[in-house]
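The values are calculated or read from the model by the stated rules, or taken from the named source; none is laboratory data. Note that the coordinates shown come from a computational prediction; the quantities given were computed from them, not determined experimentally. No Cβ is skipped: glycine too gets one built from the backbone with ideal geometry, and neighbour counts run over all protein chains shown. Remember, those area values only see protein heavy atoms, side chains included, never the ligands or the DNA or RNA. Shrake-Rupley method; radii C 1.70, N 1.55, O 1.52, S 1.80 Å.
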Amino acid sequence: QVQVVESGGGLVQAGGSLRLSCTASGSIFSINTMGWYRQAPGKQRELVASITGGSRLNYADSVKGRFTISRDNAKNTMYLQMNNLKPEDKAVYYCKARLLSPDGVNNYDSWGQGTQVTVSS
C-alpha cells in the first residue's frame, strides 16, 4: 500500500504565494513521474505541472512563470511553489505519483486526497 498526502493549501490574497507539498509513503519500490493536478468547481481535473524521476519538467501554460515544481527523491516528496496567485488558481490541488511495481514491470498511479487553495481578489 502506498499513501500520498498533500499539504500546504490555504487562503491567500491575489498576488500572494503558497507552497504545496506531497509525500508518498508505504511500500514504495520506485516513483517515476509525480504531478500536481487541480480541479475547480464545475470543471474537469487538469494537469498543473509534472516532474519525472530525471527532473524533466512540464507546466500548464496558465501557470508558466508563476509556479515551480520540484522534488526530493530521498524524501519521496514533491513541492509546488505558487507565486503571484490569481483568483482563477482557486481549486482543489491533487498530487499523483506514478509508481513502478516491485517486479519492475507495471506502473500504477496513487492519488492524494487533495488540498484546497483559495485566492481572494
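The strands (runs of 3 or more DSSP E) found entirely in the stretch 10-61 that carry 2 or more residues being surrounded by 13 or more Cβ atoms within 10 Å (Cβ to Cβ) and of a type in the set (A, V, I, L, M, F, W, C) are 18-26, 30-39, 46-51. Could we say that Val92 is surrounded by fewer than 20 Cβ atoms within 10 Å (Cβ to Cβ), in a loop (DSSP other than H, G, I, E, B) and either in contact with a Phe, Trp or Tyr (Cβ under 9 Å, 6 or more places away or on another chain) or not small (Gly, Ala, Ser) (or both) here? Against the criterion (surrounded by fewer than 20 Cβ atoms within 10 Å (Cβ to Cβ), in a loop (DSSP other than H, G, I, E, B) and either in contact with a Phe, Trp or Tyr (Cβ under 9 Å, 6 or more places away or on another chain) or not small (Gly, Ala, Ser) (or both)), Val92 does not qualify. Is it the case that some residue within the stretch 63-72 is in contact with a Gly (Cβ under 8 Å, 6 or more places away or on another chain) and farther than 22 Å from Thr118 by Cβ? Checking the stretch 63-72: not a single residue is in contact with a Gly (Cβ under 8 Å, 6 or more places away or on another chain) and farther than 22 Å from Thr118 by Cβ. So, in the stretch 95-108, of the ones that are open to solvent by 60 Å² or more (accessible area, probe 1.4 Å) and in a strand (DSSP E or B), which residue ends up farthest from Arg38 (Cα to Cα)? Per the criteria, the residue is Asn107. When the residues of the stretch 63-89 are narrowed to those that are out of contact with any helix residue (DSSP H, G or I) (no Cβ under 8 Å at 6 or more places or on another chain) and aliphatic (A, V, I, L, M), which ends up surrounded by the most Cβ atoms within 10 Å (Cβ to Cβ)? Ranking the candidates gives Met78 first.
Could you look through the stretch 62-89, keep only residues that are in a strand (DSSP E or B) and not aliphatic (A, V, I, L, M), and pick out the one that is farthest from Leu18 (Cα to Cα)? Out of the qualifying residues, it is Asp72. Going residue by residue through the stretch 81-99, is there one that turns out to be more than 25 Å from Thr118 (Cβ to Cβ) and not β-branched (Val, Ile, Thr)? The answer is yes; a qualifying residue exists.
Scan the stretch 62-80 and give yes if some residue there is touching a residue at least 60 places away in the same chain (Cβ under 8 Å) and closer than 19 Å to Gly9 by Cβ, otherwise no.
Yes.
Scan the stretch 90-97 and give yes if some residue there is more than 20 Å from Val4 (Cβ to Cβ) and touching a residue at least 60 places away in the same chain (Cβ under 8 Å), otherwise no. No, there is no match, as no residue in the stretch 90-97 is more than 20 Å from Val4 (Cβ to Cβ) and touching a residue at least 60 places away in the same chain (Cβ under 8 Å).
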